[in-house]
Structures are given as structure tokens and as C-alpha cells.
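Computed from the coordinates by the stated procedures, all read-outs in this text should not be read as laboratory data. None of the values given here were measured: they were computed from a predicted structure. When we count neighbours, we look across all protein chains shown, and the Cβ atoms used for this are built from the backbone with ideal geometry, even at glycine.
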Amino acid sequence: MQIERHDMKEPKRKALKMERRDFLQLTALAGGGLMLRSFMGVAAPAQTRAAAPVLSPSAFIRIAADGTVTILAKNPEIGQGIKTVLPMIIAEELDVDWKSVKIEQADLDEATYGGQVSGGSMAIPNNWESLHRVGATARQLLITAAAQTWGVPVSQCSTTSGRVIHAASHRSLGYGELAAKAANLTLPDPVNVPLKDPKQYKIIGHSQGGCDVPAIVTGKPLFGIDVELPGMMHAVFQKCPVYGGRVKSANLDELLKMPGVRHAFTVAGSLATTPGGVDPSGSALEPGVAIVADTWWQAQTARKKLSVEWDQSGCLLQNSKEFAQHAETLSQQSPANTLRSEGDPEGTLKNSAKVVEAAYSYPFIAHATLEPQGTTASYKDGKLEMWTTSQTPGSGKKGVAQILGIPPENITVHLCRVGGGFGRRLNNDYMTEAAWIAKTVSAPVKLLWSREDDFGHDFYRPAGFQYLKAGLDQSGKVVAWRHHFVTFGEGSHTASSANLKNDVFPAGYVPNYALYMTAMPLWVKTGPLRAPGDNAHAFVVESFVDEVAIAAGKDPLAFRIELLQNPAIRATFAESLKPTPGQPMPYKIEPRMNPSRLQGVLQLVAEKSNWKNRKRSPGTGMGLACWYCHLGYFAEVAEVTVNESNQVRVNKVWIAGDIGSQIINPRAAENMVHGGIIDGMSEMNQEITLANGQVEQTNFHQHAMMRMKQAPPEIEVHFKKTDYATTGLGEPSLPPILPAIANAIFAATGKRIRSLPMSGSGFKWA
Amino acid sequence: MAFNLTINQKAVSVDASPDTPLLWVLRDELHLKGTKYGCGLGLCGACTVLMGGQAVRSCLTTVSEAAGKAVVTIEGLSPDGSHPVQKAWETVDVPQCGYCQAGQIMSAVALLASTPHPTDGQIDDAMSGNLCRCGTYTRIRQAIHQAADTSASTAAIPAKKI
Ligand code: FES
Ligand code: FES
């Protein structure tokens, strides 16, 4: 979900610059409408994000003769609402009524649609410009078709609600009537087509219900787990409880005698590991035993009788307790890597009037998407067809092609609605497993992981250990900062999502500053979890900032504002990036955190929560935190009550967010922020532990997530609209809630939580 | 073994081993995919259906236990999404990923059938067996209140009418 990760995983961004040599092919649709199919010439990839892909409108929009508009949703829908939001952008510029729009999920075809990735809160930044232009170009074609029909200049024509209007002669034509003619026209240069003035928006900025909600509330088959094919069998796949363990022997013959079981076989796998740490490609096939039966329950029942002798030679049988001890030892030694150093941090710390020091830590945690991992695959005559729930189906397909030796052109991938992503499905191990099993049995197979498979074989959010020191001068101003991050990896290389960027706050805001990193080896898969890195670093840094503010005798709000007002940073910040107020283009993204925007949300949340006049009574307190990540700025205040048994109840949360000039689908946006808060609360008390290399947690009772009675009765969401580019919302609301609640618990009890899960400090949810 | 079941007011017969969970009979034998698997241990509520008017976890209910009882799944609430709880879910725009929502709706229908105007506390108690990984709890509460307000009398359980 990090931007870096995307660049790493997909070095050649599928940014397609469409040449003006498109061929539009007309295909008769049942009912007399027209479908525009494009066969595009693909030119060199665009160099920067600013040069957004220019995509053909015909790939995204179908207009039937009766005026029905079908818009294709390109990205995987994992609950972030993208299947509704991306078509909203197209429909706005096309100028049609939202209720006349039908939405269809596109299959995987990145040559046509550009990157089809749901991760990093990047769907809006990556598609904002291109989808505006897709809609506007189609509208321009329809206007031209009408102008030619009437023999009037294009400049005299306008559109409204799916019709082209010639006001002077009181004539109008519906888009359905114009589609055939429009399809024969030469495409205008998409970069020059006029875009709507945001003041005229009728769809963007107006709440639209999720396009699949009617199907969800009636239980229609929509999700990956719901796929059913003629003659389909069901599979389970048992892997070694210790990562990388291979099958020595298994009682396959016995399994084959069980009711409904059709196939049982071992899989050697294709693991590639690096010394000192597990770093497989997210698609690698782990060794294991596949059981294929007529029904999933039969396969699962047979698995209970499975007995495997595993070969664990070469596997590290690690224990969670040893990690903590090892980290403590490493923290005393001189750090292995210096990620950033400015001024004289060590010297200034020695001479500071006051030094604040603390050690923070947090555990591995699992994604536990409610829909377990799985994929349906069908293999016939050298061709593979898949129905999957991947967040990165393109790289999943690539992995399958490599590992199974099937040419990519012989693999078709359909995207199903996904029962939760959270970053788990950026990795595609289950896709490879399903493909392997389907190819082995040469038949359609649905692979479904059990919940136990899911907890035991996740790409976990990595644990981490962080050691911080801040030096204050006489006036309580921060003059030095030392941050040592003890993580997993080898040398200067960190395990997936176990890194810390060298601009972590307050880097750049303190004159004498050092950021160090030391890595220790790990033998378990890690990966991005919603707001990767940030979901942990915000807890550490923003809790410590609170400690330092209190040590400095300052209000936590005023203290943060003072830090952010560092004049050196303000001078260097490129204010020139500010786009024309309120206009959608040019779409420019700021390269780093803009301190004035973070101050903006801090001030807004302080005002909404009445921070200045907050009550302090024993057992009840308010806490504040802010964070910038995934291009979004969030400040959050939590009010908690802690009873005599240390049970924590969050009474209310106030949120202020700045993700630019537009909140595309406001009600869905509010829902997404609620989700960020609840998810962050769950993370405060979850833990995955290793015992002899094996994950100890197997199901939800050992890795609890928030339940309804624990959810805050009130979550108040405020967006601060600014003139900056509209950016994504899947992740940035999550990180600040952890420190906001931890700081509130401190305000209520005087006890500082420096280690998660919070149960380790004696706290639990009420 | 053959079992005679009543699912959504229709009599059906299935052949399965007696300890097969109702969940997998619904999904894989009867092709009713609305009821979801989340944990298999009664911890998440994604598999909630109504049996004899009560919300039960179909992952823990065997096909033999279900035989002879009236079972209602999400598909049986209404032919067209017009059940007041479904309507409320749509108006409030509750779902994020949507995976838990069939189970949430079935728990809500059972709650409203016994408590037509639940308080927040009663909602919390009745709904806390249903996990929502996406965190839509605020919206679920709102939708239940809305369903209670719009039409308590029609928020009935279809199976009860026969
Ligand atoms: S699947 Fe039945 S309670 Fe989770
Ligand atoms: S909406 Fe995703 S689990 Fe509830």
C-alpha cells in the first residue's frame, strides 16, 4: 500500500500514452445500440505521475440506443467504494444522470484500463486525471456528432443529463441517438477537451449509494467465494505450520477413500527466500498438500484426517519473546544504519536542559479479511481462467504465468467483489495455489482457505521496536531528536513493510536530528497492512510527541503547532504546487508533507472537539494525535473513560481530514473514515505470536477485533476542503487514532502505553 | 443421508452426511451463496440465518438439526430487497466490503421481530456476535433504528407467516 511498494512491484507503470492512431471498431449490440471497442496503439510509458495515463473513452463507456450508459469499473472493489467512485468521475464529465448509469466490473486488462491496483490509497491519484478526460472526451464526441447532424457549430452545443442541446433552435438529441455517429468520429486530443467547472458538478461531491448495495442486501453471488462453475470441485490446501516446511510424506491414500474426495496430492512449491529473512515474491507457491473434493466441507473433513510428516530443515524455529530480547540488546549497541543525520544530535542531547527517553514496541498482527483467501481457477487445453479477489490481479497473473509456465496471453482473470482487502491481497499466494491445483486436476476448482489457514499463513504486519530520545532547551523547545528503529531484515534491507522512511516526523523539523535502523533476521512472511508502516510509526511517534509536550510543560496541541512552524521547512516548501483554486487540472501532488495542511486539520479538530476547554475528571480524558500519510492529513481527538478494572471505553472521536479539494462520495467517505477508526482500535489490542516458528493464533477468539458494543457511540468526521489535488482515503484516517486513544488513556489514568497490545499494560476494551 | 429441509418456505431434500454444517449445505448443495463463511466456530456471525425465528450460526448448526425446522436465509427475506431491514440498509448505505452484511441483516431481523423498537444498548447486545471487519457498526445501528421507525409491523420474519 505504500507508494514505494507499487513502484517496486510494478517497475514499468502501466501508464499508457495513447497515440492518436486509435482504431474504433463498432460492434452491434443487441437492441440496436453501439459498443465502441478500441484497439489502441501503445506508446512509451509516461515518465511521471503528473503525466497521467490517457485512456480511450470507448474502453470505459458503452451507450445503448435507448440511452442506457454502462461504465466499466476498472479497479478491484475491496470495500473502499472504488467501484462506485471511479465511474462517478467518468459520469460527471460525460454529463449523464447518475441514475441512468449501470456499472460493470472490468476484467483484468491493464493494456486497456491502465493499472488495476487497489492499494496505497492511490486509485484516485492514479485515475483522477485520466478518468476525467475519458468522460469529457466521450462527451465531446457526442457533441460533435450532434453538431454535424444539425449542421451547426460545436460551440453552440451544450449537454445536460445525457442529451446534447442546441439552445438557439430548441433542438436536442439523446446520447443513445448519437452513439452510432459518435463512434465514427476521430477522437479529439483528450488533453484539450474542456472539463467541467467543479461548481457545476452534479455527481462528484454528492453522496451516491454503493453500486452493489442492492445485490449485497439480497445475498446475490458477488464475492470471490460465491463463484460457481459447471463441474467445479472444491479444494483445501494444507501448508506446513512453519513457513517453508516441505512435505516428506502424507497419508494421501487414506484421504482418497474419504467421501467426496477426488484428488489428494503434494505440491513441492516454488519458494525463493533470501538469506537472513523471508522475502518471497507475493505470488510464490508454498509446499503443501492439496485435497480436492465434490464439496468444500468434504475436502475440509478429509483434511482433519490428514497426517503429514514435514521437513523443516532450513527453517528457523523462532519465538516472539526472543525478538523482544534481541531488540533490547541491539538498542544498546551502536546502530547498524544511519538513515538520516542533521546537526549534532548526540552532542546536543548531552547538553540539553531536559532529556525525554522512551522505548516503544508493537507486535505482528494479521489482516484477517472477513472473506478468507481463495480463488477459482479452470484449466483446459493450455488455457487458464481465474476468478479472484486480488488487490493486484496484474502481478498475480504474472506470478501464475511464471510459476506455472503458462504464457500470460493464455490466462484470463476476472475480478470479483472482495470481502475485505486491507493489504492482504496485494500478495497473491492463493492465486498461485488455485492455479496450480486446477492445472494439476485439469478441471474447474474453487480453492478456499479456512480461517485457520488465513491466520497461519498471512503476510503479517511486522512487529517493531523503537527507541526515542528528545532534548529540550530551557524554554521547552525541542533541540535534538534521536530515533533508533530496530526492525526485521538483514543489513540495510528490511522485510516487507518493516521499513521507516527517512522523513518520518519530526525529521526536518528539529535542528539536531538522527534516525538509525538496525535489522534482525526473521523467518515469517510480512507485508503491508492498511497504512503500512504508518499504522505503527504514528502510534510510536505521536505518543512520544505527547510525552515530550508534557515534559516541556506545554499543551499537546500548541506543542505540535510550534514544531510544525519550523521556519526552515516553511521556506523550502514548494507552495507553487497549489493548483488553480477549485479546478481539477492540472492534477499535481505535493512531494512531501505540507506542514500548513497538518496545522489546518489540527486546528479544525481542536475547534470541533472543544479541545481548549476539555474536561479532566479522574478516569476520563481526551487525547490528540495527527499524521500525514498516503497524501492525506488527519488529526483526531478521542475521549475515553477507563474504569477501575482498566477497561477502556471510547466515548467519542472527532476527526478532521484534508484530502484536497473534493470529497467525491461524501457518505461513503464518512463510512471509510469510521472504518479507519474501528480498525485502528482493533489493532491496539491484537497480537500474532510465534512459538517454535509457528503462529499461535488460529481464529478470531485469539485475535479479537472490535465488536459493536465496543465501537464508539459517536464518530464525528469533518473534512477540510483545500485547493489541493483530491487524493485517496482508504488509509490515512487510521494511523492517528491509535496514539489519540493512547494519549487519552494517559490523560485519564496517568499511565502511558508504550507497548502494544495494550493488554500488556493491563488495559482492555470495555 | 437424505434430509428434508424447509428453506425460505420451500421444501427441499438434500443428501449429506448428518454432521455437515447447514452453512455448507446452503452454499454448496442448494446454491444459496448469500450466507457467508467467516470462521466456522461461531465467532463472526457471517453465517447467521434464522431457524424457527431465532438467529443461529449456520456454521455450528448441522443439517440434521435443521431438518424439519423453518430456515430463512438472506435470499428469503424478500424477492426484491423490499424487506424493511434491507431497505434501511440500502438507504443508510451501510456496507463497505459487504461480506458480513447478510449475517448482520439476519441478526437485525431477529432482533426487530422480538424487540420492535430496540435501544442502542439492546442493539449492541443483539449485534455483538456479528463482526464487521470494515467497521460499519455506526451505520448498522443507524439502519436498525431506521427499520424500526419505518415499519415495525412489516419487519417480520417471512417464515413466520406460513
Ligand atoms: S462462520 Fe459461522 S460464526 Fe463465523
Ligand atoms: S462490510 Fe466488510 S466486513 Fe462488514
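Remind me, relative contact order of chain B in percent, using alpha carbon pairs under 8 angstrom and six or more residues apart? Numbers along the way, then the final one.
Values: 301 pairs, mean separation 41.9, N = 162.
Relative contact order comes out at 26 percent.
If eta is 0.890 mPa s and T is 25 °C, what Stokes-Einstein diffusion coefficient results for segment A:303-369, Kirkwood Rh from Cα pairs, in µm²/s?
Numbers: Rh = 17.4 Å.
D, rounded to a whole number, is 141 µm²/s.
Past 30 Å, Cα to Cα, is the threshold; run A:K525/A:K588; A:K764/B:K87; A:K612/A:K764; B:K36/B:K87; A:K99/A:K398 against it and keep the listed order. Walk me through the numbers on the way to the answer.
Details: A:K525/A:K588 35 Å; A:K764/B:K87 36 Å; A:K612/A:K764 28 Å; B:K36/B:K87 20 Å; A:K99/A:K398 37 Å.
Pairs exceeding the cut-off: A:K525/A:K588; A:K764/B:K87; A:K99/A:K398.
Please build a GNM for chain B, connecting alpha carbons under 10 Å apart, and tell me which residue among B:P79, B:P18, B:P116 fluctuates the most.
B:P79
How large is the Kirkwood hydrodynamic radius of segment A:556-766, counting all unique pairs of alpha carbons, in Å? Kindly include the intermediate steps, with their values, before the conclusion.
Values: mean 1/r = 0.0547 Å⁻¹.
Averaging 1/r across every pair of different Cα atoms and inverting gives 18.3 Å.
Around A:I216, what is the net charge, scoring Lys/Arg as +1 and Asp/Glu as -1 over all other residues with Cβ under 15 Å from its Cβ?
Numbers: positive: A:K83, A:K220, A:R417, B:K33, B:K36, B:K87, B:R133, B:R139; negative: A:E77, A:D212, A:D226, A:E371, B:E75, B:D80, B:E90, B:D93.
Surrounding charge for A:I216 is 0.
Past the 22 Å Cα-Cα mark, which pairs from A:K608/A:K720; A:K446/B:K33; A:K469/A:K720; A:K477/A:K751; A:K469/A:K652? Don't jump to the answer; show the numbers that get you there.
Working: A:K608/A:K720 12 Å; A:K446/B:K33 14 Å; A:K469/A:K720 33 Å; A:K477/A:K751 24 Å; A:K469/A:K652 32 Å.
Among A:K608/A:K720; A:K446/B:K33; A:K469/A:K720; A:K477/A:K751; A:K469/A:K652, the Cα-Cα distance tops 22 Å for A:K469/A:K720; A:K477/A:K751; A:K469/A:K652.
Within segment A:616-719, list the GluC sites (Glu not before Pro) lying in a DSSP loop whose Cβ has at most 11 other Cβ atoms in a 10 Å radius. Spell out each step's value before the answer.
Working: sites: A:E636, A:E639, A:E644, A:E670, A:E683, A:E687, A:E696, A:E714, A:E716; in loops: A:E644, A:E687, A:E696.
Listed in order of number, the matching sites are A:E644.
Which Rg and Dmax, in Å, describe the Cα atoms of the protein assembly as shown?
So, for the protein assembly as shown, Rg and Dmax equal 28.1, 83 Å respectively.
Relative contact order for chain A using alpha-carbon pairs under 8 Å, separation at least 6, rounded to a whole percent? Walk me through the numbers before you get to the answer.
Numbers: 1787 pairs, mean separation 104.8, N = 766.
Dividing the mean separation by the residue count of chain A yields 14 percent.
Which three lengths, in whole Å and largest first, does segment A:337-496 cover when its Cα atoms are put on their principal axes?
76, 29, 24
Among DSSP bridges having both ends in segment B:2-77, what percentage is antiparallel? Round to the nearest 5.
Values: 13 of 15 bridges.
Antiparallel bridges: around 85 percent, rounded to the nearest 5.
Taking only Cα atoms and a 10 Å spring cutoff, compute GNM fluctuations for chain B and point out the largest among B:S107, B:S128, B:S58.
Fluctuation is largest for B:S128.
Of all the Cα-Cα pairs you can form in segment B:84-154, what percent are over 17 Å apart?
Working: 754 of 2485 pairs.
Of the Cα pairs, 30 percent sit more than 17 Å apart.
Any chance you could tell me what percent of the C-alpha pair distances in segment A:369-448 go past 14 Å? Write out the running numbers ahead of the final one.
On the way: 1691 of 3160 pairs.
In whole percent, the long-distance tail amounts to 54.
Which value, in debye to the nearest 20, gives the size of the charge dipole of segment B:84-154 about its Cα centre, when Lys and Arg are +1 and Asp and Glu are -1 at the Cβ? Before the final figure, lay out the partial values.
Numbers: 4 positive and 6 negative charges, 32 e Å.
Once rounded to the nearest 20, the dipole reads 160 debye.
List the residues, sorted by chain then number, that are 5 or more residues from A:R171 or on another chain and whose placed amide H is less than 5 Å from its amide H.
So A:R171 has HN proximity to A:H166.
Counting each pair of different Cα atoms once, what's the Kirkwood radius of segment A:287-412 in Å, rounded to one decimal?
On the way: mean 1/r = 0.0468 Å⁻¹.
Across segment A:287-412, the inverse of the average 1/r is 21.4 Å.
Kindly write out, for segment A:110-119 in residue order, the coupling ³J(HN,Hα) from the Karplus curve 6.51 cos²θ - 1.76 cosθ + 1.60 (θ = phi - 60°), rounded to whole Hz, with x marking Gly and Pro.
The phi angles translate into 6, 5, 8, 9, x, x, 10, 10, 10, x Hz.
What percentages, rounded to whole numbers, describe P(r) for segment A:166-235 computed over all alpha carbon pairs with 10 Å bin width beginning at zero?
12, 18, 28, 22, 15, 4, 1
Projected onto the charge dipole of the protein assembly as shown (+1 at Lys/Arg Cβ, -1 at Asp/Glu Cβ, origin at the Cα centre), which of A:V478, A:A302, A:Q702 gives the Cα projection farthest towards the positive end?
A:V478
Among all the aspartates and glutamates, which ones have a C-alpha under 14 Å from A:K383's C-alpha, if same-chain residues fewer than 8 places away are not counted?
A:E409
What is the log10 of I(q)/I(0) for segment B:1-117, computed with the Debye formula using one identical point scatterer on each Cα and no solvent, at q = 0.10, 0.21, 0.22, 0.23 Å⁻¹?
With one equal scatterer per Cα and no solvent, log10 I(q)/I(0) is -0.27, -1.17, -1.27, -1.37.
By DSSP, what percent of the beta bridges with both residues in the protein assembly as shown are antiparallel, rounded to the nearest 5? Mind showing how you got there, number by number?
Working: 109 of 145 bridges.
Here the share of antiparallel DSSP bridges comes out near 75 percent.
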